[in-house]
Amino acid sequence: MCSSDLFNFLYKDSQISTFSPKPEPNIWRPALGINKYASIVGQSGEGPAYTYKNGIFYTYNYPKSTAAYTLYTGINDLGDRVGLAYLKAGGTQGFVMKCR
């Protein structure tokens, strides 16, 4: 299977809906977390973390001066996100983004 055949999906109320963040070929973008309001968070294989809600994508980059790329690993029902930044100097930095 080539990466252009991959997609994310949401199964809710016996229905499956698919989505693919920012359509660019051959970029890996898994969904990694969801809250009860169907806000979905994930990772772009090359760049920012994303939040997907109602057909709209929002992206976040940990400060580019220090991070090679960023990912969200979870979201709670208040919209707070947790994630990791892979640092250019090596290693990772965890973060919490409070959205209030």
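The values are calculated or read from the model by the stated rules, or taken from the named source; none is laboratory data. It should be emphasised that the depicted structure is a prediction, and the values quoted were computed from it without experimental measurement. Cβ placement follows ideal geometry from the backbone for every residue including glycine, while neighbour counts extend to all protein chains displayed. Note: accessible area is taken over every heavy atom of the protein model, side chains too, but ligands, DNA and RNA are not part of it. Shrake-Rupley method; radii C 1.70, N 1.55, O 1.52, S 1.80 Å.
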Flag for GLY94 being surrounded by 12 or more Cβ atoms within 10 Å (Cβ to Cβ) and not charged (D, E, K, R) = no
In the range 7-21, which residue that is surrounded by 12 or more Cβ atoms within 10 Å (Cβ to Cβ) and modelled with pLDDT under 65 is farthest from the chain's Cα centre (by Cα)?
-> SER20
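Matching residues to (1) open to solvent by less than 20 Å² (accessible area, probe 1.4 Å); (2) at pLDDT below 85; (3) among the charged types (D, E, K, R):
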residue	(1), (2), (3)
ASP5	no, yes, yes
PRO23	no, yes, no
SER44	yes, yes, no
LYS53	no, no, yes
ASN61	no, no, no
Per-region count, the range 52-94, residues in contact with a Gly (Cβ under 8 Å, 6 or more places away or on another chain), polar (S, T, N, Q) and under 17 Å from ALA31 (Cβ atoms) = 3
Could you say whether any residue in the range 64-78 is open to solvent by 70 Å² or more (accessible area, probe 1.4 Å), modelled with pLDDT under 90 and either hydrophobic (A, V, I, L, M, F, W, C) or assigned to a loop (DSSP other than H, G, I, E, B) (or both)?
-> yes
